1. Starting at the first residue of segment 64-80, write each ³J(HN,Hα) from the Karplus equation 6.51 cos²θ - 1.76 cosθ + 1.60 with θ = phi - 60°, in whole Hz, x for Gly and Pro.
2. Explain nothing, just compute: Karplus ³J(HN,Hα) = 6.51 cos²θ - 1.76 cosθ + 1.60, θ = phi - 60°, for every residue of segment 98-109 in order, whole Hz, x for Gly and Pro.
3. Name the residues whose placed amide hydrogens come within less than 5 Å of the amide hydrogen of residue 148, ignoring near sequence neighbours (fewer than 5 apart) on the same chain.
4. Considering amide H positions built from the backbone, and no H for Pro or chain starts, which residues 5 or more places from residue 43, or on another chain, come under 5 Å of its amide H?
5. Of all accessible surface on segment 90-146 at a 1.4 Å probe, what whole percent is carbon and sulfur?
6. If we sort 93-106, 119-132 on the protection proxy, mean other Cβ atoms within 10 Å, highest first, what's the order?
7. Near the amide H of residue 116, under 5 Å away, which other amide H atoms are found, from residues 5 or more places off or on another chain, if H is placed in the peptide plane?
Amino acid sequence: WWGQASGPASGQNSGNVTSDTYLNSGTDASPGTPGFQPSGACIGPVHNITQNTYYGTIQAGVDAANANDIIEVAAGTYTEAVTVNKAVTLKGANVGIAGTGVRGTESILEDGSMNITASGAVTIDGFKIHQTNNTTDVFLISGATAATIQNNIFERDGVTAGQFVRAITTSDGSGAKVIQNNWFTGDVSGGL
């Protein structure tokens with residue numbers, strides 16, 4: 001409990017505490033003193049709105065999801081390799097806004113990847129994918145997966161000679177792929 005429902009205020013953490021989730025209420029403003037009683041719900045930046053549950057990482061949210069759940073990912077930076085092995089919708093902070101549109105603060109997948117292997121339909125909408133890693137393709141979509149990749153920004157900095165890193169890689173198969181309203185920017189000479 002940080003004294004307010006929105007989590008730690010700017011400068012309140014001072015780099016001494018790492019926390020993916022936090023309580024949204026407490027009964028005493030003096031943690032550590034006798035009588036302090038944390039209360040409320042545990043809040044994290046990844047919200048499964050179908051189940052109304054919160055998680056500290058995108059992967060944790062996907063792992064706990066059921067097929068067809070909708071997961072909102074708050075603005076912020078996420079450095080993780082995510083396996084999407086079930087039919088879910090992942091909504092970034094700029095869901096519904098084209099990659100070239102007027103966007104707000106981003107949900108950034110920083111030097112991460114998404115391996116999309118679900119047998120049902122997966123939607124990824126409203127993220128910024130920023131790559132400085134020259135060895136990892138960003139979205140790998142299996143052939144059987146029906147996927148919609150839309151309203152995202154794919155940005156790449158730096159290229160290592162001879163490295164070809166793809167923003168979206170698909171396999172042949174029965175799943176329909178819809179890739180629309182994305183923006184690809186940055187150093188593309190490596191194959192983005």
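The values are calculated or read from the model by the stated rules, or taken from the named source; none is laboratory data. Just so it is clear, the structure is predicted and the values come from calculations on it, not from any experiment. Ideal geometry is used to build each Cβ from the backbone, glycine not excepted, and the neighbour counts take in all protein chains shown. Protein only, heavy atoms only, side chains kept; ligands, DNA and RNA dropped before computing areas. Shrake-Rupley method; radii C 1.70, N 1.55, O 1.52, S 1.80 Å.
1. Per residue, the Karplus-derived 3J(HN,Hα) values read 8, 6, 9, 4, 6, 6, 10, 10, 9, 10, 5, 4, x, 10, 10, 10, 7 Hz.
2. Result, ordered by residue: 3, x, 9, x, 7, 10, x, 4, 9, 8, 9, 8 Hz.
3. For residue 148, the qualifying residues are 122, 123, 124, 178.
4. Under 5 Å from the amide H of residue 43 lie the amide H atoms of 22, 23, 24, each far enough along the sequence or on another chain.
5. With neighbouring chains kept in place, the figure for segment 90-146 is 53 percent.
6. Order by mean packing, descending: 119-132, 93-106.
7. Hits under the 5 Å cutoff: 84, 140, 141, 142.
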